[in-house]
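In what follows, a single structure is set out as structure tokens and then discussed.
Please treat every number below as a calculation from the coordinates, not as lab data. Computed from a predicted structure; not experimentally measured. Here Cβ is always computed from backbone atoms with ideal geometry, including for glycine, and neighbour counts include all displayed protein chains.
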Amino acid sequence: MLVSEKNFREVIGQCNAYQATCIAVTKTRPIEVFQEFQALGHNIFGENRVAALLQRQEELGDDVHNTWHFIGHLQRKKVVKVVQKCHLIHSADSLKLLSHIDLKASSPQKVLLQFHIAQEESKYGMKVDAWEDIISSIQTMELKNLQIAGVMGMATYTDDRQQIEREFKALRKTFENLLPTMQSMGQPFDTVSMGMSNDYKIALDHGSTMVRIGSYLYHS
């Protein structure tokens with residue numbers, strides 16, 4: 001098997017204990033991994049490239065039994081290709097992108113607001129300390145086909161547990177700051193997407209409701 005059943009069951013057990021969702025990240029993996037996950041009873045998948053997401057769906061003859069998440073950086077020119085093709089877009093990293101998704105969607109599309117919480121400048125996202133300005137701007141938008149379902153962030157890739165904890169706490173606090181206004185706007189705001197293979201247990205401890213697990217689920 002390509003999928004490590006032992007690690008998979010460990011992750012699912014942890015997620016179940018915290019009532020969190022596990023997204024199996026399948027980027028660059030052969031098509032057989034999907035059958036292996038499905039045999040294990042799992043059908044929630046994440047891709048970080050638009051072309052790969054569409055190709056996977058075509059190869060699998062996709063149906064309602066699979067739930068797809070887009071987790072990578074999304075260019076505005078590719079929005080039209082991915083809206084309505086996935087359950088959730090994790091990477092709405094700017095107000096301009098939010099508006100563009102709303103413009104291109106023909107029916108409700110769920111998104112997460114991506115915030116920059118890591119030290120690495122290469123990571124995308126809005127500033128957590130600008131949350132008040134961000135929410136004020138969102139309130140002025142006439143969103144027709146956009147549903148804001150929560151927040152997403154990626155911690156610094158480091159062995160410093162305290163730093164990772166600080167970053168996850170910052171994202172969880174941002175979620176809590178946004179929650180009252182988002183609820184008053186009628187948004188389905190209930191998701192904190194943080195945690196990957198190297199730090200998902202820390203993320204769960206600090207309020208993650210959705211983890212994105214790639215390499216840890218596979219045999220090396």
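A few points about this structure:
- Over the residues of the chain, the helix contribution to mean residue ellipticity at 222 nm works out to -11500 deg cm²/dmol, using -39500 (n - 2.57) for each DSSP H run of at least 4.
- Relative contact order (%) - the range 5-217, alpha-carbon pairs under 8 angstrom, separation at least six: 20
- Estimated FRET transfer efficiency (LEU179, ALA52; beta-carbon r; R0 35 Å; 0.05): 0.60
- Percent antiparallel among DSSP beta bridges (both partners in the chain, rounded to 5): 5
- Around the Cα centre of the range 1-132, unit charges on the Cβ atoms of Lys, Arg, Asp and Glu (plus for the first two, minus for the last two) sum to a dipole of about 420 debye.
- Taking the number of Cβ atoms within 10 Å of each Cβ as an exposure proxy, the fewest-first ranking of MET210, MET1, MET126 is MET1, MET126, MET210.
- Projected label distance in nm at ASP205 and LYS85, using a 7 Å step from Cα toward the beta-carbon: 3.8
- Ascending count of other beta-carbon atoms within 10 Å, so fewest first, for HIS90, HIS42, HIS73: HIS73, HIS42, HIS90
- Legend: distances between Cα atoms for LYS77/LYS201; LYS81/LYS173; LYS81/LYS201; LYS77/LYS169; LYS27/LYS123; pairs beyond 30 Å are LYS77/LYS201; LYS81/LYS173; LYS81/LYS201; LYS77/LYS169.
- Relative packing of peptides 93-103, 179-189, 140-150 - highest average C-beta neighbours within 10 Å first: 93-103, 140-150, 179-189
- Counting neighbouring beta carbons within 10 Å and listing from fewest to most, the residues THR28, THR67, THR209 come out as THR28, THR67, THR209.
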